[in-house]
Amino acid sequence: MTRLMVPAASPTGDTASAVGVRPYEDGDREGVLGMRLSPLSLYRRFFAGTPRIPAFYAETLGRVDRWDRDALVAVADTEIVGIAEYTRDATLPELADLAVMVADPWQRRGVARRLVAGLTALARTRGIDGLRADVLADNHAARAAIGRVWPHAAAAHGEDGALLYRIPL
């Protein structure tokens, strides 16, 4: 297993802390389900009001196959503080859907950026040359992050107030 240790500020500002980014493992399911997420963060990730990570998502974590579906987690000490994943489109195998979730105390600290950088590198090695990301129109932080990393990403209006980004790799 590849481990990449990336220095990052802790939620309390302690710059001596580190966040590790590594491949998702079967034993990480409970850690992901236990991430500290507000109702707003859950809504922005799953596009529905939910008090916790939905059961269907927990089931999808068991389908990581390292080719059509892959995921990386960010770990601070022993706590999983973020996850990024892609799922290849079965009809357009060079395209994959991207999803990212970061625990509230760790948002806006570069965790998502490091997860996405690692995941896009993996996707490229597997023949994926584009990503799709659904982002709620009022999720200004995610929209700004996409714009910083991929300034040429095109967004179209989708259903339920979402923007559908096409991101070339």
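Side notes on the structure shown:
- Filtered residues of the stretch 113-137 (kept if outside any helix (DSSP H, G or I) and at negative phi): Arg126, Ile128, Asp129, Gly130, Leu131, Arg132, Ala133, Asp134, Val135, Leu136, Ala137
- Tabulated pairs, the stretch 76-92, first touching a residue at least 12 places away in the same chain (Cβ under 8 Å) and more than 16 Å from Arg114 (Cβ to Cβ), second not hydrophobic (A, V, I, L, M, F, W, C) and not in a loop (DSSP other than H, G, I, E, B), C-beta under 6 angstrom, 6+ apart or interchain: Thr87/Arg69; Thr87/Asp97
- Of all residues in the stretch 130-169, none satisfies the criterion of being among the acidic types (Asp, Glu) and open to solvent by less than 40 Å² (accessible area, probe 1.4 Å).
- All positions within the stretch 113-129 that are buried (at least 18 other Cβ atoms within 10 Å of the Cβ) and either under 18 Å from Arg44 (Cβ atoms) or not aliphatic (A, V, I, L, M) (or both): Arg114, Leu115, Val116, Gly118, Thr120
The values are calculated or read from the model by the stated rules, or taken from the named source; none is laboratory data. The shown structure was predicted, so the numbers you read here are calculated from the model rather than taken from an experiment. Ideal geometry is used to build each Cβ from the backbone, glycine not excepted, and the neighbour counts take in all protein chains shown. Protein only, heavy atoms only, side chains kept; ligands, DNA and RNA dropped before computing areas. Shrake-Rupley method; radii C 1.70, N 1.55, O 1.52, S 1.80 Å.
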